[in-house]
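To keep things clear, I will list the structure first and then write my remarks on it.
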């Protein structure tokens, strides 16, 4: 039984790790702010969920499990709010998103002057 | 458990990449995004380190971050939108 | 061995991140960007404390770094603007002095006792006594709390006084009566139901109602308060205590002020009441000291508070932690009120 | 008043889960703390059917289960985008109608959109959301209106 739990934890947390690395990669690689927000969202949602569920499977204390689940719930409430606040702030400040390009003219929107009016 | 150590290293690498975004910019918003991303990863790291060292009372720290970390971003939104923190974000300001 | 290598790796990695973050803060000219990067440095610092097993310090860093400092910095930027003064001349002397001092400090580290060695002076001086005796003498599971609140209660009293002074000082400098007319005009506008000039978006883009933060804040504010109080009362058992609790509690109020506006929050807890609370916290702390003197002990000697000395220690620590919590929360709030209440809208957006 | 009492009970449950020390002293501190928090929350006017939405009941739990499945699928999409931007990345922005009438429903909808990576709510106005999507595929998830329908059903407004 313990072995099964261990294997599940391994799978969950390794998937979480892969997602985290992809997130970091996406933050560096994607062409403009709005697409990077999507990449950041991966770590906020699924990676957090997988890693903390993996930890919860390993804890034998009920209260620790409860705290882990609480962290997940709070992160699921606050992280989209923070993302919205960021996206809305940059939208209000006039930062234009880069729309439907095929990756060749990526550098356009990464221009710092875009933020100004 | 080796998986804790693996996860901790993955989180650190991810933090380093986000820090790279913070250093590169180019706009302020990218840096806020990087700060947010590092915040979430700090929550993860604290949870994992707590299990790695066998002291789950670290989870209280993770709870603090998950509860109050978005306040800063809301302040940023308000500053960008109104240039001040005085007024409310909504016009439904409560009944008098 | 495995874990040691891992710990070393983590520490080194964090150090590199810390230095990189700090250097970036130094090089950026836009103060707003610097603020955001300071947030990152704070996260890394908290992780470093966690890795050093200093949970209480990490907790303080977490509470302050996540909840308060960014908001206060932005409040300051709204006062002074986000652009650093240009044309600062480069001068060689300060750089030379800094480098020289740094070199001396690095040289000095070679004389330091090895990291984590059991024969270090820090480990052989008073620490063994704390470790051996405090469980029976104080009876509190979290040794940090028994050191801070009991053995070194006098020091902590000094720290609370520092926070008290900071709150009062900010209040004296920033909250002199001014712009009375503006305040009245704003209130008038609010009564008439029109948008006051402060709540018009700078670029005119975007919706007027920010529903998302509004509703989520409404949902979370009660939980922030309960969590703050939980930290307050469980400082004896785990990480936490008055300082952290006060900051978290104040963060709840600050979130409310961000969403509903300063005026409404000041109607919930007026600046005058906050001022009284700052003083009350210090008085509660000092009062415990006076009571213990009246009951025949030394200042802040909790043993005499109750017939059973361990129970006396326990109750003494609980009460002074409460005093610390009240002072910290009220001081944070007063500082926020003072900064934000004075700010005019900035007319230029940062990049 | 009833809402304040139920908020108090919820907070008390959270306290008991956090605390782990069930001595009379600590539990009475817990009761006092939860009471204080509930009263301050009431004074701040955050306790209404938006700030303390108990009326949603168990329906919201089923919704979360469905949302989790969507998050799974969306994460795979975004991961593909990050790894192969040339083939998959098609950022676009569009507005969609919001059919919920209550503020809470709109916010649940907007946050659900943001929670599924690949779509981010940029602006939420009276009855429209402006969404930035990473691919046509993820945009389709919002445009098809299934999430909107489900949120409306959870809110009991359909």
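Here the residues C:309, C:91, ranked from fewest to most Cβ neighbours within 10 Å of their Cβ, fall in the order C:91, C:309. Averaging the Cα positions of each part gives two centres, and for the range D:114-142 and the range A:30-96 these lie 17 Å apart. Each pair of Cα atoms in the range A:27-95 enters the Kirkwood radius, and Stokes-Einstein at 4 °C and 1.567 mPa s then converts it into a translational diffusion coefficient of 96 µm²/s.
Helix C:92-109 sits at what angle to the longest principal axis of chain C, using alpha carbons and giving 0 to 90 degrees rounded to 10? With rounding to tens, the tilt is 30 degrees. Using only the C-alpha atoms, the convex hull of chain C corresponds to 198 Å³ per residue. Across peptide C:67-78, the mean count of Cβ atoms from other chains lying within 10 Å of each residue's own Cβ comes to 5.
Mean-square fluctuations from a GNM of chain C, with a 10 angstrom spring cutoff on Cα atoms, peak among C:63, C:250, C:166 at C:166. Using only Cα atoms and rounding to the nearest 10 degrees, what angle (0 to 90) does helix C:127-137 make with the longest principal axis of chain C? The angle comes out at about 90 degrees. The separation of the range A:1-23 from the range C:30-80, counted between C-alpha centres, amounts to 31 Å.
Placing pseudo-labels 7 Å out from each Cα toward the beta carbon at residue C:103 and residue D:95 gives an inter-label distance of 6.5 nm.
Relative contact order of chain C, taken over Cα pairs closer than 8 Å and 6 or more residues apart, is 22 percent. Per-residue ellipticity at 222 nm from helix content only, as computed over the protein assembly as shown with -39500 (n - 2.57) for each DSSP H run of at least four residues, stands at -23000 deg cm²/dmol. Between D:57, D:20, D:105, the residue with the greatest mean-square fluctuation in the GNM of chain D (Cα pairs under 10 Å linked by springs) is D:20.
Take the Cα radius of gyration of the range D:56-155 and divide it by 2.2 N^0.38 Å, N being the number of residues; the result is 1.06.
Exposure proxy for B:21, D:42: other Cβ atoms within 10 Å of each Cβ, ordered fewest to most, give D:42, B:21. Rounded if a/c is under 1.5, else prolate if a/b beats b/c, else oblate: with a ≥ b ≥ c from the C-alpha gyration tensor eigenvalues square-rooted, which is chain B? Verdict is oblate for chain B.
Fewest-first ordering of A:38, D:52, C:234 by other beta carbons within 10 Å of each residue's beta carbon gives D:52, C:234, A:38. Based on C-alpha pairs under 8 angstrom that are at least 6 apart in sequence, the range C:216-351 has a relative contact order of 28 percent.
Shielding of peptide A:48-55 by partners, expressed as the average count of other chain Cβ atoms within 10 Å per residue Cβ, is 6. I'd like the distance separating the alpha-carbon centroids of the range D:38-52 and the range C:112-129, in whole Å. The distance from the Cα centre of the range D:38-52 to that of the range C:112-129 comes to 51 Å. For chain B, modelled as a GNM whose springs connect Cα atoms under 10 angstrom apart, the maximal fluctuation among B:20, B:47, B:39 occurs at B:20.
Highest mean first, the peptides C:321-328, D:75-82 sorted by other C-beta atoms within 10 Å per residue fall in the order C:321-328, D:75-82. Under the criterion of Cα pairs below 8 Å and six or more residues apart, the relative contact order for the range C:1-85 equals 31 percent. Averaged over the residues of C:11-19, the number of partner chain Cβ atoms lying within 10 Å of the residue Cβ comes to 2. On C-alpha positions alone, give me the angle between the axis of helix D:59-83 and the longest principal axis of chain D, in degrees, nearest 10. That helix lies at roughly 40 degrees to the long axis. Over the protein assembly as shown, what number does the Rg to Rh ratio reach, with both radii from the alpha-carbon atoms and Rh per Kirkwood? Computed over Cα atoms, the ratio is 0.96.
No lab work stands behind these numbers, since they all come straight from the coordinates. None of these values were measured; they are calculated from a predicted model. Neighbour counts are summed over all protein chains in view; Cβ atoms, including those assigned to glycine, are modelled from backbone coordinates with ideal geometry.
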